[in-house]
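Right, one structure below, let's go through it.
The values are calculated or read from the model by the stated rules, or taken from the named source; none is laboratory data. What you see is a predicted model; the values in this text were computed from it and never measured. Positions of Cβ are backbone-derived with ideal geometry, glycine not excepted, and every protein chain shown enters the neighbour counts.
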Amino acid sequence: MTERDDVRSAPTPTEDSAAREERPLVSLVLPAFNEAAIFEQNIATLCAHIESLEDEYRFEIIVVNDGSTDATGELAEAAARRWERIRVLHHPSNFGLGQALKFAFRNCRGDYVVVMDIDLSYSPDHIDRLLHKIRATKAKVVLASPYVEGGTIANVPWLRRVLSIGANRFLSLFARDRFQSLVPRGRLSTLTGMVRAYDGPFLRGLSPRSIRMEINPEIVYKAMLLRARIEEVPARLDWQLQNAKGSQRKSSMRVMAQTLSVLLSGFIFRPFMFFILPGIAMMLFSVYCNIWMFIHFFRQYAAHTQHEWFMERASFALAAAFQLFPHTFVIGLLSLMLAIQLVGLGVMAMQNKKYFDEMFYLVSVVYRQGLDHRE
């Protein structure tokens, strides 16, 4: 090959620039609340890692300062002046994780959206794994899971670990039947985790409503309603990260609020189970009480031989049985009425959920068609 041929075959600056612009845009979303102690170091670590991926992707970093009362907002603005790819969104007060994420989703432009925790309890290389998985599988949602095979947990307080594992198993149990055709392995191991990758246009069409931590299960639920593919990648969750003063991170999770959030998310997945299961349990208890009620009645019926007419004998037997064992009759009949009501509410919840699923699916289809026509 001649020198002229070699020069002619080399890409021109215009061609190289066009090729670089064809790289997908990734919006990296970072919710932040009172993270001043770790913000500067961790944002620098993330930016350095992103620079190593620039041959494959273009990036924008969206920091949501969710009403921080420390210097998080000022540090974020200083970082935005240093790195042009950073944009900072501010909430005047702390509205919660869900509201912060929705604020970011409305303002991001990425072909893919990756949500990370600014504390880097999930290391920056999870960005690579999430993006590789979502592109390779054409999934709409990819979850970083420390509970899937190959995932690990380190230096997490035992109470936080137990509650997290229990919450995710609870939600997985309630949503299990929906995963068969949407998740390759048939079930998800992490529904509450925040570290994820999303297909950008798909995410912006979901319109989640939650304002707190329950937004994460809600997005998975709505993705399943739309028959979207959901994947997981093994992740390492590690809280052995030091803040600026060298003190170890403490768990700030509000146990009661998180427990209620998980129960609410489980109710969203399968509301009828919250009525059907207690209703069945109450029905079994009622049957037990009513069996004893009949036993007491027949014993008294056998004892009242002085009455020959059946109805008279039965009336005296029933009155005597109730006089001797009133609690059996009261509890048995009340539990039977309550069981019937619970089962009835479960059936109504099942019917309402089907209506909601259909309405959400139809509205989402119409909304996406409207966006396509505008484009």
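Taken together, 227, 212 contain a single residue that is out of contact with any helix residue (DSSP H, G or I) (no Cβ under 7 Å at 6 or more places or on another chain) and more than 23 Å from residue 109 (Cβ to Cβ), which is 227.
Here residue 117 fulfils each of the conditions (1) modelled with pLDDT under 95; (2) assigned to a helix (DSSP H, G or I) apart from (2). Candidates are the residues of segment 35-51 that are assigned to a helix (DSSP H, G or I) and acidic (Asp, Glu); the one that is surrounded by the most Cβ atoms within 10 Å (Cβ to Cβ) is 40.
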